Amino acid sequence: MDTGDLGLPLSVPSTALFTDQYEFTMLQAALRGGTADRRSVFEVFTRRLPEGRRYGVVAGTGRVLDAIENFRFEEGVLHFLRTHGVVDGPTLDWLADYRFRGDVHGYPEGEVYFPGSPIMRVEGSFAECVLLETVILSILNHDSAVAAAASRMAVAAGDRPLVEMGARRTHELAAVAASRAAYLGGFHSTSELAAGFRYGIPTVGTSAHAFTLLHDTERDAFTAQVEALGGDTTLLVDTYDVAEAVRTAVEVAGPGLGAVRIDSGDLLLVAHRVRRQLDELGATDTKIVVTSDLDEYAIASLAAAPVDSYGVGTRLVTGSGHPTCSMVYKLVARADGDAPDAPLRPVAKKSTGGKTSIGGSKWAARPQDTTGVPEAERIGTGPVPDELTDSLIAVPLVLGGVAVGREPLDAARDRHRRTLASLPVSATQLSRGEPVLPTEYV
């Protein structure tokens, strides 16, 4: 269970029903058919990146470990399955003792991925692995989409801090996950207190337009905020007239005012005007924060503006136009018989329509050229060539049902920063393009 950077114990309910019914009907049929215990390998991958994107970001791994650990069939869950006739009695008896006892290997959180990358490999009996499909995909698809958007926004922002503030634009539970993914992708803080509590992410926040409108005058609102929060606070200056608000803000807080926030209008033009006015009023150290439906392109367009930080909401928590990564969870190998030591046989979907997959349990390596820049995403089955052993990407996450891959969120955040810096320079271009590394099957 993730206890956050603060080490606070958190009560996490069962994740056993975060799934689709057909996982249970497959389980029932496999139990009846005698194939439920057959050793199996499932892999998570995506066939393509969102159009124009040059890399993907692995996010949500820590939450997947929590979900697997809490995939338990408590009496209330079993009662629901029983009374709704989802599965039969023998299947309910099997579920009552369910614990995932298999292995999970995968790309470490914060790593980048490309089409075909075996992002996560789940091994165990068919029965115990198939039940995890939906919850694993739900987490990885959402968190990786947000992290990819956050990464692109962080690239566009350069050294300027980014504040995640999208909680009101998504589901209340998704908001916490989005804050975590955004921080991993390069954001510096969040407005969402639940994310701060659970994951130790720095939290920020001052006031909205409602606070200004509550008061008889803008001066009264600014005075109340400064008296409560101190002169280092951030005053929102676009409720009425921006120029008048900036003048009033400096008069109330003094030239040591922490920051002003602009939430509407032509941000490029307004930011230049506000900076000039602040400097003329002696508030040369007062920072400018901009918000208002920003995405990576809007942030990039403000690179030459006198802006000190950005607040991003809607576009971030919806993946900046790509709210899912289209990851899939496919059976790629299964035992060639029911004996515990039966060899694995590669299996794969071969139908037409662009949804084919490649059978076999896979490894992935990312060899570098003589300058240390990765050359390709090399993927294969069977023995790993000697020259690629030092560049393998996957790490153990769960062994024998026990999570071994837990790490602080800051470790994943730092890994993403390092990994992104190691890629060819074209990776950080916001213009549409092909994946920055080709996928090569060997």
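The values are calculated or read from the model by the stated rules, or taken from the named source; none is laboratory data. Everything quoted here is computed from the prediction, not taken from an experiment. With ideal geometry, Cβ positions are generated from the backbone for all residues, glycine too; neighbour counts draw on all protein chains shown. Note: areas computed on protein heavy atoms with side chains; ligands, DNA, RNA excluded. Shrake-Rupley method; radii C 1.70, N 1.55, O 1.52, S 1.80 Å.
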Answer check: the chain, Cα atoms, Kirkwood Rh, Rg/Rh ratio of 1.05
Please give the solvent-accessible surface of Tyr297 in Å², to the nearest 10, using a probe radius of 1.4 Å with every protein chain present. 110 Å²
Give me the accessible area per residue for the range 266-396, probe 1.4 Å, as a whole number in Å². 50 Å²
How big is the gap, in Å, between the Cα center of the range 370-442 and the Cα center of the range 315-365? 18 Å
Can you give the Rg to Rh ratio for the range 162-279, taking only C-alpha atoms and Rh from Kirkwood? 1.01
Could you order Arg54, Arg406 by accessible surface area, starting with the largest, using a probe radius of 1.4 Å? Arg406, Arg54
Calculate, for Phe18 and Val347, the FRET efficiency according to 1/(1 + (r/R0)^6) with r their C-beta to C-beta distance and R0 30 Å; round to the nearest 0.05. 0.70
Residue-span extension gain [Asp159 to Thr25] - 0.36 nm each, minus C-alpha spacing: 43.1 nm
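Evaluate the relative contact order of the chain (contact order divided by residue number), counting alpha-carbon pairs under 8 angstrom at least 6 apart; express in whole percent.
Values: 899 pairs, mean separation 100.8, N = 442.
That works out to 23 percent.
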Put Val204, Val289 in order of accessible area, largest first, 1.4 Å probe: what do you get? Val204, Val289
For the chain, built as a Gaussian network whose Cα springs stay under 10 Å, the top-fluctuating residue of Arg82, Arg38, Arg366: Arg82
Would the range 59-211 count as rounded, prolate or oblate if I go by the C-alpha gyration tensor, calling it rounded below 1.5 in a/c and otherwise prolate when a/b exceeds b/c, oblate otherwise? oblate
Heavy atoms of the protein only, probe of 1.4 Å, neighbouring chains included. What is the accessible area of Phe73 in Å², nearest 10? 10 Å²
Would you mind telling me the share, in percent, of accessible area of the chain contributed by carbon and sulfur at probe 1.4 angstrom? 53 percent
By the gyration tensor of its Cα atoms, with a ≥ b ≥ c the square roots of the eigenvalues, what is the shape of the range 48-110: rounded for a/c under 1.5, prolate for a/b over b/c, or oblate? prolate
When only C-alpha pairs under 8 Å and at least 6 residues apart count, what is the relative contact order of the range 160-299, in percent? 16 percent
Proximal lysines relative to Lys330, as straight alpha-carbon distance under 29 Å, when same-chain residues fewer than 8 apart are discounted: Lys349, Lys350, Lys355, Lys362
Only helical DSSP H runs with n ≥ 4 go in: add -39500 (n - 2.57) per run for the chain, normalise by residue count and round the 222 nm mean residue ellipticity to 500 deg cm²/dmol. -10500 deg cm²/dmol
For the range 242-390, would you read off the P(r) tail past 26 Å as a percentage of all alpha carbon pairs? 59 percent
Using the heavy atoms of the protein chains alone and a 1.4 angstrom probe, what is the accessible area of the range 1-157 per residue in square angstrom? 35 Å²
Take every DSSP beta bridge whose two residues both sit in the chain, then give the antiparallel share in percent to the nearest 5. 65 percent
Given a 10 angstrom Cα cut-off, can you work out which residue in Gly116, Gly401, Gly337 is the most mobile in a GNM of the chain? Gly337
How high is the FRET efficiency from His84 to Thr324, r the C-beta distance, R0 30 Å, rounded to 0.05? 0.60
State the Cα centre-to-centre distance between the range 81-115 and the range 186-237 in whole Å. 42 Å
Just tell me, in residue order, which DSSP H segments of the chain are both 24 angstrom or longer along the helix axis (alpha-carbon based) and at least 0.0 in mean Kyte-Doolittle hydropathy. 133-157
Could you sort Glu51, Glu123 by accessible area so the largest value comes first, with the probe set to 1.4 Å? Glu51, Glu123
Check Thr203: other-chain or 5+ apart residues with amide H under 5 Å from its amide H, H built from backbone geometry? Thr190
Take the alpha carbon gyration tensor of the range 6-101, find the square roots of its eigenvalues, order them as a ≥ b ≥ c, and report rounded if a/c is under 1.5; if not, report prolate when a/b exceeds b/c, else oblate. oblate
Alpha-carbon Rg with Dmax, taken over the range 329-406, Å: 15.9, 49
Heavy-atom accessible area of His105, protein chains in place, probe 1.4 angstrom, given in Å² to nearest 10, is 40 Å²
Most mobile of Tyr199, Tyr240, Tyr107 per a Gaussian network model of the chain (Cα springs, under 10 Å)? Tyr240
